[in-house]
Structure formats: C-alpha cells, structure tokens
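What follows is calculated from the coordinates using simple rules that are stated; it is not laboratory data. All figures in this text were calculated on a predicted structure; none of them were measured in a lab. Heads up, the Cβs are rebuilt from the backbone with ideal geometry, glycines too, and the neighbour counts pull from every protein chain shown.
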Amino acid sequence: MVRSVHERRLKAGPHQVGSLLDALAGPADRLWPATTWPPLRLDRPLAVGAAGGHGPIRYAVEAHDPGAVVRFRFAPSFGADGTHTFSVLPDGAGGSVLRHELDARTSGWMRLLWPVAVRWLHDALLEDLLDRAEEDADGAVARPARWSPLVRLLRAVAARRRSGSAAPRDGGPRQLQVALGALACIPFASGLAGMLAGPTALPGDTSDVRASLDSEYRFINAYWFTLAPVIWSTLPRLEASTTVLRVTLGATFLGGLARLLARRARGAPHPAFVAATALELIGAPALLAWQHHVVNRTSTSPQHAGACVSHHQLVASPPPLRRPIPRGACWR
C-alpha cells in the first residue's frame with residue numbers, strides 16, 4: 001500500500017485557497033506547475049466524472065466539494081488502484097492548509113517504478129505545486145523547493161525518451177564529465193565511510209551487527225570506494241573509455257538488481273537505499289547511453305572527420321616515413 005502526504009500551511013484563508021483549487025485544470029489555473037511539469041488536462045470543466053490526467057498518468061474526478069476537496073481515482077491501466085486528493089483545511093489561526101494525499105495499491109510494473117522513480121517525481125511535482133500556492137496566496141515562498149539530482153536525472157531521461165534519444169539535449173562531453181565526476185563522489189564518500197565506520201555508517205538501526213557481517217561489509221566497501229577513482233580516470237578521454245565505463249556502470253546496474261532481490265526477501269529498505277536503487281537501475285544505463293551518444297557525435301563531427309585518412313588515399317599517395325600518421329587518425 002502506498003501512502004504519500006504533502007501539505008503546506010498558508011497565511012491566506014480557506015476561501016482564497018479554495019478558489020485556487022476550483023480553478024484546477026481550467027484556463028485560469030494558477031495552482032498546477034504546468035511550466036515545468038506535464039499539464040493537468042481534463043475532458044470537461046472540473047466536476048465529478050471529468051477524466052484526464054497529466055503525462056502518462058490517467059485519472060478521473062470521483063468527488064468535488066467546491067472550495068474544499070477534489071478527489072481523483074486512478075484509471076485501472078495506470079497500475080495503481082486508489083485515489084489522490086487535494087483538500088483545503090482551516091488551520092485555526094485565520095490561515096489554511098493545502099494538503100494532497102495519495103492512497104493506492106500498486107500492481108504490475110508500478111510496484112517497481114513507484115519506489116525507483118515515480119515516487120521521487122511525484123514528490124517534486126507536489127512541492128512545486130505547493131510553492132505556487134504559497135506564492136499566489138501569500139505573495140512569496142519562504143523556502144522554495146529544489147529538485148534533487150535524482151529528480152533532475154529522471155526528468156532528463158524522460159525528456160530524451162519522448163524525443164527519441166536517451167541522452168541529454170546538448171549531448172556534450174563537458175556536461176557528461178561533470179555528471180560522472182559528481183556522481184562518482186557517491187561511492188567515494190559512502191565507500192570511505194563504510195571502510196572506516198563499518199555498518200554503523202548506514203542509516204537506520206544497526207545495533208545488531210555480527211562481527212562477520214562487519215568484516216564483509218568493510219571489505220566490500222573497499223571495492224565500492226575504488227569505483228570513484230576508476231570513473232574519474234576516464235574523464236579526460238571519455239570517447240576512448242567505453243569499455244571501462246561499461247564495466248563499472250554495468251556492475252553498478254547489477255548492484256541495483258541485487259537490491260531488488262533484497263527488497264523481495266526482506267522488505268522495503270531505508271528511503272536512502274530506495275534512491276540508490278533508482279540511481280543504479282536508471283542512472284547507470286542513462287549515463288552509458290549518454291556516453292555512447294557523445295562517442296557517436298564526436299566521430300561524425302567535422303573536426304574528427306577532417307582528421308580521418310582514407311585507405312585509398314594512403315595507397316595512392318603514401319605519406320613520407322618521416323611524418324607518421326598523427327595519433328588519433330582513423331581508416332575508412
């Protein structure tokens with residue numbers, strides 16, 4: 001069973017905030033963050049029976065109490081049996097609380113997609129929506145929400161899937177270097193902590209840890225720690241580091257699959273490890289696809305093409321021996 005609650009206390013009263021809720025999905029909608037997320041669209045004005053959704057997520061209005069409650073029920077095809085509800089509540093001090101509650105039972109692929117990706121995108125969208133409500137109702141946002149690196153990565157992957165590519169829009173090697181260099185800090189820091197502090201570095205209760213588990217945990221983290229310098233060593237020449245990146249990121253992906261086995265055997269882990277699973281199962285393949293895109297773009301660029309020497313040209317007019325073919329030249 002999935003339950004998620006987001007709420008924001010606002011200085012504006014329930015009547016003002018309720019008017020925002022009633023304009024949802026309409027031409028005067030000031031609540032839904034449509035500038036940065038897929039817009040919420042319904043096939044008719046907001047009322048019971050109106051059907052639609054945002055992006056691939058489909059639902060219909062199940063209940064509507066003007067100015068107070070809007071409850072949507074997910075379509076069966078979505079993979080979640082349940083509802084998500086917006087409500088406006090008085091807070092007893094002249095202000096109000098805007099709340100969103102999701103209650104659903106996942107099925108099929110959504111059982112995997114929710115903890116790995118959908119949950120984090122859902123949380124980010126709702127916080128952006130609450131920011132808009134606070135700005136409209138109170139005039140300013142006290143603490144604007146910020147997207148996590150995982151959310152940015154998931155959005156980039158989704159955007160490229162819609163445009164027919166799995167690589168980011170610019171596809172530049174510089175951006176890939178920055179992404180790989182930053183993400184490699186994760187195994188560096190967590191591996192170092194694991195070696196020095198052992199399982200006590202893990203979030204949650206680690207009081208019942210046997211000596212054998214402690215020993216094995218510190219040993220494995222030595223390998224995890226060395227992953228960072230291996231990745232960093234590829235950054236100066238990403239185009240020539242395909243094999244190394246395939247091995248390291250492929251091993252990371254396998255680690256994500258192993259986490260799924262642990263989840264099946266022992267239940268849901270700490271949220272930090274759910275986020276780690278998302279990075280391993282989605283981020284690693286996305287980074288490999290990005291590197292593949294960079295290699296292809298570099299090999300077909302005019303600068304690279306100009307450095308290539310035709311096989312027939314070499315046979316017809318071989319270069320002098322004292323001037324060898326420059327390193328990096330290619331054959332056609």
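Below, the figures for the structure above:
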item	result
Stretch gain in nm, segment Arg266-Arg111, where the contour uses 0.36 nm per residue and the Cα spacing is subtracted	54.3 nm
Within-12-Å neighbourhood charge of Ala51 [Cβ basis; K, R +1; D, E -1]	+2
Three principal axis lengths of segment 149-300 [C-alpha, angstrom, descending]	56, 31, 21
FRET efficiency for Arg152 and Gln177, using Cβ-Cβ distance with R0 set to 22 Å, rounded to 0.05	0.85
Dipole magnitude (debye, nearest 20) for segment 149-300, charges at Cβ of Lys, Arg, Asp, Glu	640
Förster radius 45 Å - calculated FRET efficiency between Ala289 and Ala23, Cβ distance, rounded to 0.05	0.65
Debye intensity ratio I(q)/I(0), log10, the chain, q values 0.07, 0.08, 0.12, 0.13 Å⁻¹ (C-alpha model)	-0.43, -0.54, -0.99, -1.08
For segment 140-154 and segment 207-283, distance of Cα centres in Å	25
Compactness index (Cα Rg / 2.2 N^0.38 Å), segment 39-142	1.15
Packing-based exposure ordering (other Cβ within 10 Å, fewest first) of Trp290, Trp114	Trp114, Trp290
Extension gain, Ser212 back to Asp123 (0.36 nm per residue minus Cα-Cα distance, nm)	28.2 nm
Two-site FRET efficiency, Ala189 against Ala93, from Cβ-Cβ distance with R₀ of 35 Å, rounded to 0.05	0.25
Hz values of 3J(HN,Hα) by residue in segment 141-151 - Karplus curve (6.51, -1.76, 1.60), Gly and Pro given as x	9, 5, 9, x, 6, 10, 6, 6, x, 5, 4
